Amino acid sequence: MSAPRTFTRPARIAAIAPYLWMALFFLVPFGFVLKISLSQTAIAQPPYLPVFDLTQGLAAIKAAAAGLSLDNFKLLISDNLYVLSYLRSLVVAMVSTSILLLIGYPIAYGMARLPKRWQGIAMMLVIIPFWTSFLIRIYAWINILQHDGLLNKVLLALHLVAAPVVWLSTDSAMYLGIVYSYLPFMILPLYATLAKMDPALLEAASDLGASPRQAFWLVTFPLSLPGVAAGVLLCFIPIVGEFVIPDLLAGSNSMMIGQTLWLEFFTNKDWPVASAVAVVLLVLLVGPLVFYDRLQRRQLEAAR
Amino acid sequence: MTARAPNRLSAFNAVSLALGLAFLYLPIVILVIYSFNASRLVTVWGGWSLRWYTEFFHDRAMLDAAWMSFRVAAVSATLATLLGTLAAVALSRAERFKGRTLFSAMLYAPLVMPEVITGLSLLLLFVAVNAERGFWTVTIAHTTLTMCFVAVVVQSRLASLDRSLEEAAMDLGCNPARAFLAVTLPLIGPAIAAGWMLAFTLSLDDLVIASFTTGPGSATLPIRIYSEVRLGVKPEINAICTLVIGLIAVVIIVASLASKLTSARGESAAPL
């Protein structure tokens with residue numbers, strides 16, 4: 001059959017526009033981040049100063065090359081503030097991804113065991129909060145967690161605490177916000193692999209004498225590992241660079257790297273240092289990103 | 001024979017599912033209820049009232065921001081749907097072409113890339129080419145992000161599609177373009193519609209990328225809300241958030257009606 005082959009050429013042509021768009025607006029900008037991270041702070045200090053002057057041709061490029069320096073990266077290493085920010089981001093991302101996996105797995109498992117026609121509804125219910133604004137959902141928690149908010153009222157009414165507890169501007173509030181916001185990203189890939197599992201496998205395991213617990217750890221869990229990997233990466237990578245949640249819910253004494261970048265850029269107007277922060281963050285995330293890309297592609301090839 | 005069917009929903013499954021859904025919805029429900037609170041103190045219930053909604057409709061700056069967000073979302077979602085659908089067709093129908101690996105990597109990476117990086121890099125590009133920052137820069141930035149989501153949604157639908165239909169159309173004398181328009185496009189139509197709506201809501205929601213790429217005097221709604229929220233909880237914000245949730249709810253209902261038309265097999269690898 002030669003028919004599918006003939007569809008290949010128009011499909012290739014279809015790639016041109018999105019390819020160019022992504023190259024121009026996703027790939028090329030990283031070049032600018034790299035360039036500015038290597039430039040002197042003073043050069044790009046006023047936010048509107050054009051950084052590249054291509055009209056001057058080769059001379060400008062040579063001059064630009066001469067101006068490159070690693071000072072910003074030296075600053076990142078020498079100043080504890082940045083190192084601590086990176087470490088805190090990685091720790092926060094690891095801890096919250098673990099919590100997400102612990103909470104998300106039972107929910108996804110419960111969904112996969114629902115009768116078929118309820119599964120679609122349950123999936124819709126998990127997706128809907130993902131569609132509602134991120135910012136609004138964090139704001140909803142500020143309502144609940146503030147000093148005279150609902151949580152403290154309930155705790156006081158139940159005599160669980162004697163005085164209102166400070167929830168806002170704490171790490172617990174931040175973890176709560178992160179887990180709340182990213183839960184759908186953990187549940188959906190887990191559910192996708194669990195729902196595809198053949199129920200006959202569990203029956204076979206129990207016929208062979210496995211207890212439900214053994215069957216879960218020997219059959220279900222190993223088979224769900226691709227979903228676990230997808231969920232973990234979908235949460236871990238963006239959480240490392242998270243800005244809004246720690247900014248609104250965590251205390252101001254220690255910052256995640258997304259907040260540091262934001263501060264350098266918007267408050268200190270130090271674009272070169274902000275760019276250097278971004279470059280290092282990207283380097284830290286290259287491993288997980290490549291892994292995620294492989295996983296995504298393998299799943300799509302399998303679905304084909 | 002098994003004593004106990006191993007695939008039944010156990011009490012533990014049911015409880016974890018119920019608790020999980022309660023956790024996801026309770027804060028939003030509370031927010032909506034308090035938006036109708038007459039009291040200025042956000043935490044004291046003062047009876048039902050619409051006063052914070054009237055307050056919002058008299059807040060010029062907030063209305064301008066809402067209008068800006070709406071326009072950006074509509075234009076960027078449309079562009080993203082066009083480009084994302086083309087990308088999905090390319091990925092699922094052309095097995096190999098030059099730079100296919102790079103192409104798919106560029107489409108998947110923005111889905112998880114921290115927004116501070118995407119926002120900063122786009123801003124540096126716009127500054128380098130001396131683009132005036134405002135409506136169009138935010139729109140381009142949102143298109144770049146959301147077209148990847150559209151591509152994933154449409155691609156998972158294309159992957160589940162029976163290709164023999166396209167082949168049959170071409171065997172019957174359609175050229176590929178005609179076969180695509182007459183056979184494939186109607187079948188993936190609902191997925192394309194769902195993709196548009198996802199792109200629309202993602203754009204309406206975005207704070208970080210918009211903050212980097214917008215210019216003075218053209219704040220989007222999330223930027224305005226964010227600057228108010230930093231100063232504390234205000235009942236007017238509850239009202240605005242409820243309106244946004246209402247708008248998104250309408251979008252979701254339309255989208256779910258659309259996706260009812262697609263087969264349930266469409267939900268494969270995509271996390272959406």
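Does segment A:236-273 hold any residues that are at pLDDT 90 or above and either in contact with an Asp or Glu (Cβ under 8 Å, 6 or more places away or on another chain) or part of a loop (DSSP other than H, G, I, E, B) (or both), and which are they?
A:PRO238, A:GLY241, A:GLU242, A:PHE243, A:MET256, A:GLY258, A:GLN259, A:TRP262
Check A:GLY120, A:GLY110 and return the single one that is modelled with pLDDT of 80 or more, in contact with a Ser or Thr (Cβ under 7 Å, 6 or more places away or on another chain) and either within 30 Å of B:VAL254 (Cα to Cα) or part of a helix (DSSP H, G or I) (or both).
Among A:GLY120, A:GLY110, only A:GLY110 is modelled with pLDDT of 80 or more, in contact with a Ser or Thr (Cβ under 7 Å, 6 or more places away or on another chain) and either within 30 Å of B:VAL254 (Cα to Cα) or part of a helix (DSSP H, G or I) (or both).
Only one of (1) of a type outside the set (A, V, I, L, M); (2) at the interface with another protein chain (Cβ under 7 Å from one of its Cβ atoms); (3) farther than 22 Å from A:ILE16 by Cα is not met by B:GLY134, so which one is it?
Going through (1) of a type outside the set (A, V, I, L, M); (2) at the interface with another protein chain (Cβ under 7 Å from one of its Cβ atoms); (3) farther than 22 Å from A:ILE16 by Cα one by one, B:GLY134 breaks only (2).
Collect the residues in segment A:244-263 that are within 21 Å of A:PHE32 (Cβ to Cβ) and buried (at least 23 other Cβ atoms within 10 Å of the Cβ), keeping them in residue-number order. Before you say what the answer is, go through the steps one by one.
At the first step, the residues of segment A:244-263 found to be within 21 Å of A:PHE32 (Cβ to Cβ) are A:257-258, A:260-263.
Passing the criteria: A:ILE257, A:GLY258, A:THR260, A:LEU261, A:TRP262.
Going by what's in this entry, would B:LEU17 be described as facing chain A (nearest Cβ under 10 Å), in contact with a Pro (Cβ under 9 Å, 6 or more places away or on another chain) and over 30 Å from A:TYR292 (Cα atoms)?
For B:LEU17, the condition - facing chain A (nearest Cβ under 10 Å), in contact with a Pro (Cβ under 9 Å, 6 or more places away or on another chain) and over 30 Å from A:TYR292 (Cα atoms) - is not met.
Is it true that some residue in segment A:293-303 is in contact (Cβ under 8 Å) with a residue 24 or more places away in the chain and under 30 Å from A:LEU84 (Cα atoms)?
Within segment A:293-303 (the criterion being in contact (Cβ under 8 Å) with a residue 24 or more places away in the chain and under 30 Å from A:LEU84 (Cα atoms)), the answer is no, since none of the residues qualifies.
Take the residues of segment B:194-239 that are acidic (Asp, Glu) and within 10 Å of chain A (Cβ to nearest Cβ): which is nearest to A:PRO29 (Cα to Cα)?
B:ASP206
Among residues belonging to segment A:36-54 that are more than 8 Å from chain B (Cβ to nearest Cβ) and either touching a His at 6+ places or on another chain (Cβ under 8 Å) or at pLDDT 50 or above (or both), point out the one that is surrounded by the fewest Cβ atoms within 10 Å (Cβ to Cβ).
My answer is A:ALA42.
Could you please find all residues in segment B:120-167 being more than 13 Å from B:ALA199 (Cα to Cα), small (Gly, Ala, Ser) and either modelled with pLDDT of 90 or more or not in a helix (DSSP H, G or I) (or both)?
B:SER121, B:ALA131, B:GLY134
Taking segment B:34-50, which residues are aliphatic (A, V, I, L, M), loosely packed, with under 14 Cβ neighbours inside 10 Å and either in a helix (DSSP H, G or I) or within 12 Å of another protein chain (Cβ to nearest Cβ) (or both)? So that I can check it myself, show each step before the final result.
Step one: list which residues in segment B:34-50 are aliphatic (A, V, I, L, M), which gives B:38, B:41-42, B:44, B:50.
Those still in the list that are loosely packed, with under 14 Cβ neighbours inside 10 Å too: B:41, B:44, B:50.
Listed by number, the residues that qualify are B:LEU41, B:VAL44.
Need the failing condition index for B:MET68 against (1) crowded, with 22+ Cβ neighbours inside 10 Å; (2) over 15 Å from the mean Cα position of the chain (by Cα); (3) facing another protein chain (nearest Cβ under 10 Å), just the number.
Unmet for B:MET68, out of (1) crowded, with 22+ Cβ neighbours inside 10 Å; (2) over 15 Å from the mean Cα position of the chain (by Cα); (3) facing another protein chain (nearest Cβ under 10 Å): (3).
Within the group A:ARG213, A:ARG297, which residue is in contact with a helix residue (DSSP H, G or I) (Cβ under 9 Å, 6 or more places away or on another chain) and over 22 Å from A:THR97 (Cα atoms)?
A:ARG297
Please work out if A:SER98 is surrounded by fewer than 21 Cβ atoms within 10 Å (Cβ to Cβ) and more than 30 Å from B:ASN37 (Cβ to Cβ). It would help to see each step written out before you state the result.
Numbers: surrounded by fewer than 21 Cβ atoms within 10 Å (Cβ to Cβ): yes; more than 30 Å from B:ASN37 (Cβ to Cβ): yes.
So A:SER98 fits the description; yes.
Looking at (1) facing chain A (nearest Cβ under 8 Å); (2) farther than 18 Å from B:SER69 by Cβ; (3) modelled with pLDDT of 85 or more, which is the only condition B:PRO176 fails?
Looking at each condition in turn, B:PRO176 falls short on (3).
Which residue out of A:LEU156, A:LEU114, A:LEU125 is on the phi < 0 side of the Ramachandran plot and more than 10 Å from chain B (Cβ to nearest Cβ)?
Exactly one of A:LEU156, A:LEU114, A:LEU125 is on the phi < 0 side of the Ramachandran plot and more than 10 Å from chain B (Cβ to nearest Cβ), namely A:LEU156.
Only one residue in A:LEU151, A:LEU135, A:LEU145 is at the interface with chain B (Cβ under 7 Å from one of its Cβ atoms) and either of a type outside the set (Val, Ile, Thr) or touching a helix residue (DSSP H, G or I) at 6+ places or on another chain (Cβ under 7 Å) (or both). Which one?
Among A:LEU151, A:LEU135, A:LEU145, only A:LEU135 is at the interface with chain B (Cβ under 7 Å from one of its Cβ atoms) and either of a type outside the set (Val, Ile, Thr) or touching a helix residue (DSSP H, G or I) at 6+ places or on another chain (Cβ under 7 Å) (or both).
Of the residues that sit in segment B:115-174 and are basic (Lys, Arg) and touching a residue at least 60 places away in the same chain (Cβ under 8 Å), which one is surrounded by the most Cβ atoms within 10 Å (Cβ to Cβ)?
Residue satisfying both the conditions and the ranking: B:ARG157.
Return the pairs, sorted by first residue and then second, in which the second residue is of a type in the set (Gly, Ala, Ser) and not in a helix (DSSP H, G or I), the first residue lies in segment B:71-100 and is more than 7 Å from every other protein chain (Cβ to nearest Cβ), the beta carbons are less than 7 Å apart, and the residues are 6+ apart or on different chains.
No pair meets every condition.
Being farther than 27 Å from A:TRP131 by Cβ and more than 8 Å from chain A (Cβ to nearest Cβ) is the requirement here; does B:ALA169 meet it?
Answer is yes for this residue.
So which residues in segment A:200-230 are of a type in the set (A, V, I, L, M, F, W, C) and part of a loop (DSSP other than H, G, I, E, B), if there are any at all? Working first, answer last.
Step one: list which residues in segment A:200-230 are of a type in the set (A, V, I, L, M, F, W, C), which gives A:200-202, A:204-205, A:208, A:210, A:215-219, A:221, A:223, A:225, A:228-230.
A:LEU208, A:ALA210, listed by residue number.
Tally the residues that are assigned to a helix (DSSP H, G or I) and either touching a Phe, Trp or Tyr at 6+ places or on another chain (Cβ under 7 Å) or on the phi > 0 side of the Ramachandran plot (or both), restricting the search to segment B:196-235.
The total comes to 9.
I'd like the full set of residues that are within 11 Å of another protein chain (Cβ to nearest Cβ) and surrounded by 24 or more Cβ atoms within 10 Å (Cβ to Cβ), limited to segment A:217-229.
Hit for segment A:217-229 is A:GLY227, nothing else.
Within the bounds of segment B:51-63, is there any residue that is in a helix (DSSP H, G or I), surrounded by fewer than 17 Cβ atoms within 10 Å (Cβ to Cβ) and in contact with an Asp or Glu (Cβ under 8 Å, 6 or more places away or on another chain)?
Taking every residue of segment B:51-63 in turn, at least one turns out to be in a helix (DSSP H, G or I), surrounded by fewer than 17 Cβ atoms within 10 Å (Cβ to Cβ) and in contact with an Asp or Glu (Cβ under 8 Å, 6 or more places away or on another chain).
The values are calculated or read from the model by the stated rules, or taken from the named source; none is laboratory data. Only a predicted model underlies this, so the values are computations on that prediction, with no experimental measurement involved. Ideal geometry is used to build each Cβ from the backbone, glycine not excepted, and the neighbour counts take in all protein chains shown.
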